[in-house]
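Worksheet: the structure to be examined is printed underneath.
The values are calculated or read from the model by the stated rules, or taken from the named source; none is laboratory data. Remember, predicted model here, so these are calculated numbers, not experimental data. FYI the Cβ positions are ideal-geometry reconstructions off the backbone, even for glycines, and counts take in every protein chain you see.
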Amino acid sequence: MVQLSTAVCLLGGLFLIAPVLMAPTHSSMCTPLRTINDSLSHRRRYMKHNFPIEYTIKVHNREIFRLSNISRMKLRTEGLNDLVLQRLWFQVYQGVLKKILWVLPTRHPSRPYTAELERRFKDAQAVFMQSHPAEVFQEDLPEKIQDIWDSLTEKPENMPESSWRFATPKSLLDNLCRTMYCLFSECFSNADVQEDYSHQQQR
């Protein structure tokens, strides 16, 4: 079933609430997603203050997954629905969190935080899988989405150097948070979004 809901998007530094056609988020998803959101509220401390200035990590260019990517895919991909984008979101950020963990030494002050965030993310992904019939995940993805999916699951040694980008850990988690608000908007209030945005702008 498709319904008219709201999606939270960032445009020119401002969060905008816009009506969109989307599949309703299963109610069981909201608790684990809000748990992730609680962890993300501390990302400035753990992903910025505990790293050298301008520190970056190497990620696949498809893992730079912003609100603008979602907008473009919705405009350019026929038959795309939010369930497909939610599946892709989990695939993207599963890889992002692993890459952040890989660069953290065992005793790094941000490692326990990142490991806990990854665990919470996996818990939410398990709930997501259980919230839908198994056959949903056996359906073919739209061609453009399948191309992205294939590139994300390709062995790193088989990918050309042009497939890689450098990004700060905090910017990656900023993207995770903002795209989560957009793709699972029914689980978050407008106040949640504005509070997060204001908090992350503080010096």
Filter result for residue 150 (out of contact with any Pro (no Cβ under 6 Å at 6 or more places or on another chain) and farther than 15 Å from residue 91 by Cα): no
Residues satisfying the stated conditions in the range 50-61, i.e. in contact with a strand residue (DSSP E or B) (Cβ under 9 Å, 6 or more places away or on another chain) and either within 15 Å of residue 87 (Cα to Cα) or crowded, with 17+ Cβ neighbours inside 10 Å (or both): 57, 59, 60
Qualifying residue in the range 174-186 (condition: surrounded by 12 or more Cβ atoms within 10 Å (Cβ to Cβ) and more than 15 Å from the chain's Cα centre (by Cα)): yes
Residues of the range 108-143 satisfying the condition of being charged (D, E, K, R), part of a helix (DSSP H, G or I), at pLDDT below 95 and closer than 30 Å to residue 27 by Cβ: 135
Cβ pairs under 8 Å, 6+ apart, first in the range 29-54 and within 16 Å of residue 174 (Cβ to Cβ), second among the aromatic types (Phe, Trp, Tyr) and outside any loop (DSSP other than H, G, I, E, B): 36/121; 39/113; 42/113; 46/113
Some residue of the range 118-125 being out of contact with any Asp or Glu (no Cβ under 6 Å at 6 or more places or on another chain), farther than 30 Å from residue 79 by Cα and touching a residue at least 12 places away in the same chain (Cβ under 8 Å): yes
Residue check, residue 96 within 18 Å of the chain's Cα centre (by Cα), part of a helix (DSSP H, G or I) and under 27 Å from residue 133 (Cβ atoms): no
Pairs, first without any contact (Cβ under 8 Å) to a residue 40 or more places away in the chain in the range 139-152, second in a helix (DSSP H, G or I), C-beta under 8 Å, six or more apart: 140/146
Any strands (runs of 3 or more DSSP E) falling wholly within the range 1-77 and containing at least 2 residues that are at pLDDT 95 or above and of a type in the set (Val, Ile, Thr): 57-60
Test: residue 193 is more than 16 Å from residue 64 (Cβ to Cβ), in contact (Cβ under 8 Å) with a residue 12 or more places away in the chain and surrounded by fewer than 19 Cβ atoms within 10 Å (Cβ to Cβ): no
Selected residue (criterion: farthest from residue 55 (Cα to Cα)) from residues of the range 157-186 that are aliphatic (A, V, I, L, M) and either at pLDDT below 95 or in a helix (DSSP H, G or I) (or both): 183
Members of the range 95-126 found to be out of contact with any strand residue (DSSP E or B) (no Cβ under 9 Å at 6 or more places or on another chain) and buried (at least 16 other Cβ atoms within 10 Å of the Cβ), listed by number: 97, 104, 110, 111, 113, 114, 117, 118, 120, 121, 124, 125
